[in-house]
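Asker: Just passing along the structure, written as C-alpha cells.
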Number of protein chains: 2
Amino acid sequence: MSRPRAVKKEAPYHHGDLRRVILETALELLAEKGESSVTLREIARRAGVSHAAPYRHFSDHRALLAALNDEGFMALRHALEAATAKVSAAAPVSRLLVVAETYVDFAAANPARYRLMFAGPRHAAPDGSNVPAEVFAYVAGLVAEAQAQGALRQENVKLMTNMIWATVHGIASLALNQRLVGTETGDNSSTLAREAIAALIKGLAP
Amino acid sequence: MSRPRAVKKEAPYHHGDLRRVILETALELLAEKGESSVTLREIARRAGVSHAAPYRHFSDHRALLAALNDEGFMALRHALEAATAKVSAAAPVSRLLVVAETYVDFAAANPARYRLMFAGPRHAAPDGSNVPAEVFAYVAGLVAEAQAQGALRQENVKLMTNMIWATVHGIASLALNQRLVGTETGDNSSTLAREAIAALIKGLAP
DNA sequence: ACATTTATGTTGTCAGTGTCAACATAAGAT
DNA sequence: ATCTTATGTTGACACTGACAACATAAATGT
C-alpha cells in the first residue's frame, strides 16, 4: 500500500501536479486582482511551494501568461461550441448571432482573462498548436455555411470572418473597459453584439 | 540678461519643464520597447534626473500611464479631424469611411501606444476632462449627419456610434496583435476597416 | 536489487523597480 | 530679506524576476 501522497492519480512527482495548481492559482489571482498581480512569487506562496518552484514548469513569467492565454482560448471555444449546439445547424446565421452574444458574455464574465488573451501578439506554443486559429476556423465554418445558404455574399470567407470577429471583439473589448457610451437601454453588451452582427450580416448579404 | 537656463520660455523651475520631458521620454520608451519597459527609473535615467524626480510630476506609475493615455486620445482626435477635413462635409458617409481608415492607420503607426490606450478602464483625469469622450462625440456627430442625410436609420445615435467604433477598434486591435487571418490580398487593415464600415452602414441603412 | 539519470523542489542571491521619508535648493510671495 | 512652496536628490525598504547551487524523489537501465 502506497501512502496517500496525492489524491490525483496522475500525480507524478513530489508535490502533486504543481503545474495545474500554478495555472489555477494564476487564474484566481487574475480574476481577483488583475494581470499585474499574477506574480510567480505570489502564486508560489499560495500554492505552498518555494518561490522558485514555478520555474520547473514555466521557463518564464511570459511563458506562464502564454499558457494562461491558450487555456483562455480553449475555454472560449468550448463556450462557443456549447452555445451553438443549442441552435439548429440548419440556421447558420442564428448560430453566428449566438456566437456573438456568447463571445461578449464570455469576455464580460472573465474580464482580466480576456484582456490577457488579446494583450499582445500571440506567443507561439512550444508544441506548435494554435488554439486561437481553431476558434477562428470554427467561426469561419459558420460563415461558409451562411454563404452556402445564400445569407452572405460568396466572397472571401476569411475576410468576412475577420469582420465579424473584429466587430464582436471590439464590442467585448470596449465593454470590458467601460468604453461603450450611453448604456441607458437594455445595456447588455451582448444584445449590442447581436444587433451589430445582424446589421453587418445584412450589409454583407448578396 | 538672464543666463540661458532653458530654451523653452515656459521653463518654470530648476531643470526646465521636466514634466514634458518625462512624457516624451515615456513615449520613446513605449515605442521602442513596449509598455513593460516604460519605467519611472529608466525615464529618470534618460532625462538625466534622479530616480525619484518623476514623483514631483506624477503621483504614481499609473498616473504617468494615464497621462500618456490621454495624450494618445488627443493625438487620435487630431488625426481624425485632419483626415476628415480633407473630405467634403456634405458627405458624412465618406467621412466615416475616412475615419475608419485613419483610425486603423493610427493604431498601426503607434501600436504600443494604442494598446495602452485601451489596456483597461479609463482613469478619471484630475481636471475632470474626458478626451476619449470627445473623440466619441466627434464620430457621433458624423453619424448624426449621416442620419440626417438618410444614409442611416434614424435610431439611437450612440448605439450606432458604439457599433462603428467597436468595429473599427476591433480591426485595429486584432491587426495590432497580428490576429487577422489570411492577409494574402491587399492586406492593409485600413482597407478592411473601410469595407467593414461600409457593410455595416449598408446594414444600418433605412 | 542497485546504481544512474532525470524531474522536481528549495535556498540563497542579485539586479531592477515602485514608493516613501528626509533632506536640499531654487523660485515666488510677502 | 525672509518665508513659503515647488521642485529635485539621497537613501532606504519591500517586492519581483531570474539564476546558480544544492537536495531529493521518481524513472530508468542493467
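The values are calculated or read from the model by the stated rules, or taken from the named source; none is laboratory data. Just so it is clear, the model here is predicted, and its values are computed rather than measured. Don't worry about glycine lacking a Cβ; one is built from the backbone with ideal geometry, like all the others, and counts go over all protein chains shown. Protein only, heavy atoms only, side chains kept; ligands, DNA and RNA dropped before computing areas. Shrake-Rupley method; radii C 1.70, N 1.55, O 1.52, S 1.80 Å.
Asker: Just give me the residues in segment B:132-173 being free of Cβ contacts under 8 Å to residues at least 24 places away in the same chain, touching a Gly at 6+ places or on another chain (Cβ under 6 Å) and not small (Gly, Ala, Ser), in sequence order.
Answerer: Residue satisfying the conditions is B:158 alone.
Per-residue answers, yes or no, for (1) within 12 Å of chain B (Cβ to nearest Cβ); (2) among the charged types (D, E, K, R); (3) touching a helix residue (DSSP H, G or I) at 6+ places or on another chain (Cβ under 6 Å); (4) surrounded by fewer than 18 Cβ atoms within 10 Å (Cβ to Cβ):
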{"position": "A:142", "(1), (2), (3), (4)": "no, no, yes, no"}
{"position": "A:145", "(1), (2), (3), (4)": "no, yes, yes, no"}
{"position": "A:182", "(1), (2), (3), (4)": "yes, no, yes, yes"}
{"position": "A:195", "(1), (2), (3), (4)": "yes, yes, no, no"}
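Asker: For a quick check of your reading of the model, give me the residue pairs whose first member lies in segment A:39-55 and is closer than 11 Å to residue A:18 by Cβ and open to solvent by less than 20 Å² (accessible area, probe 1.4 Å), whose second is more than 9 Å from DNA strand D (Cβ to nearest atom) and of a type in the set (Gly, Ala, Ser), with beta-carbon atoms closer than 7 Å and at least 6 apart or on different chains.
Answerer: Listed by first residue and then by second, the contacts come to A:43/A:26; A:44/A:53.
Asker: Separate question: Taking residue B:123 as the residue in question, decide whether it is over 10 Å from the mean Cα position of the chain (by Cα), within 15 Å of DNA strand C (Cβ to nearest atom), within 28 Å of residue B:174 (Cβ to Cβ) and not aliphatic (A, V, I, L, M).
Answerer: yes
Asker: Scan segment B:74-101 residue by residue and report those that are over 19 Å from residue B:152 (Cα atoms) and open to solvent by 60 Å² or more (accessible area, probe 1.4 Å).
Answerer: Selection gives B:74, B:78, B:81, B:85, B:86.
Asker: Quick check on residue B:52: is it within 20 Å of residue B:169 (Cβ to Cβ), within 16 Å of DNA strand C (Cβ to nearest atom) and at pLDDT 95 or above?
Answerer: No; evaluated as a whole, the condition is false for this residue.
Asker: Can you say whether residue A:191 is in a helix (DSSP H, G or I), within 25 Å of residue B:103 (Cβ to Cβ) and open to solvent by less than 10 Å² (accessible area, probe 1.4 Å), as far as the supplied structure shows?
Answerer: Considered against the rule, which asks whether it is in a helix (DSSP H, G or I), within 25 Å of residue B:103 (Cβ to Cβ) and open to solvent by less than 10 Å² (accessible area, probe 1.4 Å), residue A:191 comes out as no.
Asker: Specify the residue that is surrounded by the fewest Cβ atoms within 10 Å (Cβ to Cβ); the eligible residues are those in segment B:152-178 that are within 7 Å of another protein chain (Cβ to nearest Cβ) and not in a helix (DSSP H, G or I).
Answerer: B:178
Asker: Being out of contact with any strand residue (DSSP E or B) (no Cβ under 9 Å at 6 or more places or on another chain), among the hydrophobic types (A, V, I, L, M, F, W, C) and farther than 26 Å from residue B:169 by Cβ narrows it down to one of A:82, A:108, so name that one.
Answerer: Of A:82, A:108, the one residue that is out of contact with any strand residue (DSSP E or B) (no Cβ under 9 Å at 6 or more places or on another chain), among the hydrophobic types (A, V, I, L, M, F, W, C) and farther than 26 Å from residue B:169 by Cβ is A:82.
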